[in-house]
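For reference, the structure discussed in these notes is given below.
The values are calculated or read from the model by the stated rules, or taken from the named source; none is laboratory data. Predicted, not measured: the structure shown is a model, and the values here were computed from it. Counting neighbours? That spans all protein chains shown, and the Cβs are built from the backbone with ideal geometry, glycine included. Accessible surface is based on the protein model in full, side chains and every heavy atom, while ligands, DNA and RNA are left aside. Shrake-Rupley method; radii C 1.70, N 1.55, O 1.52, S 1.80 Å.
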Amino acid sequence: MHRLVKEKLPRHLAIIMDGNGRWAEKRSLDRVEGHRQGAESVRRIVRASREIGIPYLTLFAFSSENWSRPRVEVDALMFLLRNYLETELQEMLENQIRLVAIGDLARLPLEVQTALQQTVEKTAQGKGMTLTLALSYGGRDDILQAVRRILSHCQEGNLKPEEINEELFSKYLWTHNHPGPDLLIRTSGEMRISNFFLWQLAYTEIYFSPTLWPDFTREEFIQALLSYQNRERRFGLTGEQVRVGDG
Ligand code: IPE
Ligand code: IPE
Ligand code: MG
C-alpha cells in the first residue's frame with residue numbers, strides 16, 4: 001500500500017510524456033511502436049490518477065513543434081490519438097472522466113477534431129476527474145492567443161488596459177477553467193519544459209524521472225506523488241511563515 005495523504009494530493013497534475021522514440025530505438029523497433037506502448041502508459045496513468053483521486057490531469061501529448069517531425073510519425077500519432085479516443089470512451093463514461101482538449105486544435109486533421117469534439121461532448125458531465133489533452137499545444141502560442149484576444153477586447157472598448165492583471169490574463173489562456181498546475185512530471189531524463197506551460201508553471205513543483213514514458217509504472221507514479229507530498233511550497237515566503245500558516 002502507498003502512503004499518499006489524500007489532503008495533500010496535487011489538484012492539477014501535468015505530465016510531459018517523453019521518451020517513446022528512444023524506448024523503441026533501444027529495441028531496434030520503429031518509433032511508432034514506442035508511441036503505441038506510450039498509449040498503454042497513458043491508459044495506466046489515467047486509471048491510476050482517477051483511482052488515487054487527482055481532480056485535474058493534463059497530458060502533453062503533441063507540441064506545436066512536433067508538427068515538424070517526419071510525416072509518417074505525425075500521421076501515426078494522429079491515428080493513435082483517434083484510436084485512444086474511440087477505445088477509451090466507455091471507460092471515461094464509467095469512471096466519470098471529463099475530457100478536455102487544449103492547443104491550436106484547428107491544425108489537427110479534421111477526423112481527429114471531430115473525434116475530439118464528440119468525446120468532449122459525450123463526457124462533459126463527468127464529475128470524477130478532468131483529463132486534459134494538450135494537443136498541437138505550445139506555451140508561447142497560448143500566451144500569444146491570449147494577448148491577441150485581450151487586445152481586441154480593449155479595441156472594442158470592452159476591456160481597459162488597467163484591468164489587465166494576473167487573474168484576468170489567466171482567464172484568457174487555454175487553461176482558463178483549470179487550477180494552476182501543482183506538480184509537473186517529465187519522463188525520459190530531459191530537464192526542460194519544451195514550450196509546455198510557460199505562464200502556468202510559475203510555482204509548480206517539478207519531478208524529473210529518468211524513465212522512458214512507456215516504462216513509467218504505477219509504482220513510480222506514486223513515488224512522484226509521494227515526493228511532491230514531502231515538499232514545502234513556499235511561494236516566496238520563509239519556511240517559518242509557511243509553517244505558521246499551516247498550523
Ligand atoms: C514523446 O516521446 C511523445 C511525443 C513527443 C509525441 P518522443 O517521441 O519525444 O520520444 P523521444 O524523446 O524521441 O525518445
Ligand atoms: C515534448 O517532448 C513534447 C511532448 C511530450 C508532447 P519533445 O520530445 O518534443 O521535446 P524536446 O524536443 O526533446 O525538447
Ligand atoms: Mg522527446
**OP:** State whether the residues of region 17-29 include one that is part of a loop (DSSP other than H, G, I, E, B), in contact with a strand residue (DSSP E or B) (Cβ under 8 Å, 6 or more places away or on another chain), within 23 Å of residue 139 (Cα to Cα) and more than 16 Å from ligand 2 (Cβ to nearest atom).
**Re:** no
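The rows are residues; the columns are (1) within 17 Å of residue 10 (Cβ to Cβ); (2) open to solvent by less than 70 Å² (accessible area, probe 1.4 Å).
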{"residue": "144", "(1), (2)": "no, no"}
{"residue": "171", "(1), (2)": "no, no"}
{"residue": "187", "(1), (2)": "yes, yes"}
{"residue": "223", "(1), (2)": "yes, no"}
{"residue": "229", "(1), (2)": "yes, yes"}
{"residue": "235", "(1), (2)": "yes, no"}
Original post:
Which ones in region 187-210 are within 13 Å of ligand 3 (Cβ to nearest atom) and over 24 Å from residue 146 (Cβ atoms)?
Top reply: 187, 188, 189, 190, 191
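Residues are listed down the side, and each one gets a yes or a no for (1) away from ligand 1 (no atom under 14 Å from the Cβ); (2) in contact with a helix residue (DSSP H, G or I) (Cβ under 7 Å, 6 or more places away or on another chain); (3) not aliphatic (A, V, I, L, M):
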position	(1), (2), (3)
16	no, no, no
24	no, yes, no
34	no, yes, yes
38	no, yes, yes
50	yes, no, yes
57	yes, yes, no
67	no, yes, yes
77	no, yes, no
**OP:** Just need a number here: residues in region 38-74 that are more than 16 Å from ligand 3 (Cβ to nearest atom), crowded, with 16+ Cβ neighbours inside 10 Å and over 14 Å from the mean Cα position of the chain (by Cα).
**Re:** 3
Subject >> Residue selected from region 5-16 under the condition more than 18 Å from residue 92 (Cβ to Cβ) and open to solvent by less than 30 Å² (accessible area, probe 1.4 Å), by the criterion farthest from ligand 2 (Cβ to nearest atom) >> reply: 9
Original post:
Does residue 94 satisfy being of a type in the set (D, E, K, R), more than 16 Å from ligand 1 (Cβ to nearest atom) and crowded, with 20+ Cβ neighbours inside 10 Å?
Top reply: no
